[in-house]
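Novice: If you scroll down you'll find the structure; I have some questions about it.
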Amino acid sequence: MSELDRAEAELRVAATAFESQQGMIITDAQGVILRVNESFSRVTGYSAQEAVGQTPRLIQSDRHTPDFYAQMWRGLLATGHWQGELWNRRKGGEVYAVWATICAVTDDAGRVTHYVGTQTDMTQRKEAEARILHLAFYDPLTRLPNRRLLLDRLQQAAVSSLHNQCVGALLFLDLDSFKTLNDTLLRSFPVGKPVSMR
């Protein structure tokens, strides 16, 4: 295989990898976007023409503090890579979660020439986690907090009281036959639909 054939093969592999299922973004050393792939456009809502020439602030949400981004950049400059969870904003304004990886590309002298970022949309996973937490901590019929949430909050309050050297009190009300009523209604109505108790 000639040197030219090898170079062309490497370019084909790189082009195929760039158009992966992960959103990809390439910036120059100053962070100006040079190229994005189709997956990036699909997830963010920004076309390549809209993104090129901008900075990644284009998709930045207000969920992270300036200190978070400063720390991210310190780590990136020190090690040449960073990865973690980011909350971004789509073109339509919707905030979404991604697992992001940013790598520095350097020349032969070790100077940064580009940054390559990948992002995997975690929106569905975050929504599933929220549903699981809701099922674990709330009654499916009444949608009221359940015993597990009460115990979790009591444990948090106890730890906080010990740490802050405070005291607290707990008031317990017992409603006659509420469990029987709740169990009867749970069998009578589809799970997850609120029921009026009037």
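What follows draws every value from the coordinates through simple rules; no lab data is involved. Just so we're clear, the structure is a prediction, and the values are computed from it rather than from any experiment. All Cβ positions, even for glycine, are placed from backbone atoms using ideal geometry, and neighbour counts span all protein chains on display.
Novice: Please give the FRET efficiency for residue 94 paired with residue 164, using the beta carbon to beta carbon distance and R0 = 30 Å, rounded to the nearest 0.05.
Specialist: Here the calculated transfer efficiency is 0.20.
Novice: Bin width 5 Å, origin at 0, all Cα-Cα pairs of the range 100-157: what percent of pairs per bin?
Specialist: Calculated P(r), rounded to whole percents: 4, 15, 12, 12, 10, 7, 7, 8, 7, 6, 7, 4, 1.
Novice: Another question, then. Taking a cut-off of 19 Å, what percent of all Cα-Cα pairs in the range 138-188 are separated by more than that?
Specialist: 44
Novice: Mind pulling the per residue volume of the convex hull built on the Cα atoms of the range 3-126? Å³ is fine.
Specialist: Convex hull of Cα atoms, per residue: 118 Å³.
Novice: If you take the beta carbon distance between residue 3 and residue 108 as r and set R0 to 30 Å, what does 1/(1 + (r/R0)^6) give as a FRET efficiency, to the nearest 0.05? Mind showing how you got there, number by number?
Specialist: Values: r = 18 Å, r/R0 = 0.61.
It comes out at approximately 0.95.
Novice: Would you kindly give the portion of the calculated P(r) for the range 61-105 that falls above 14 Å, as a percent of all Cα pairs? Present the calculation step by step, with values, prior to reporting the outcome.
Specialist: Numbers: 536 of 990 pairs.
Here the tail beyond 14 Å accounts for 54 percent of pairs.
Novice: Counting Lys and Arg as +1 and Asp and Glu as -1, what is the net charge of the other residues whose Cβ lies under 12 Å from the Cβ of residue 139?
Specialist: Computed value for this residue: +3.
Novice: If R0 is 41 Å, what FRET efficiency do you get for residue 129 and residue 69 from their C-beta distance, rounded to 0.05?
Specialist: 0.95
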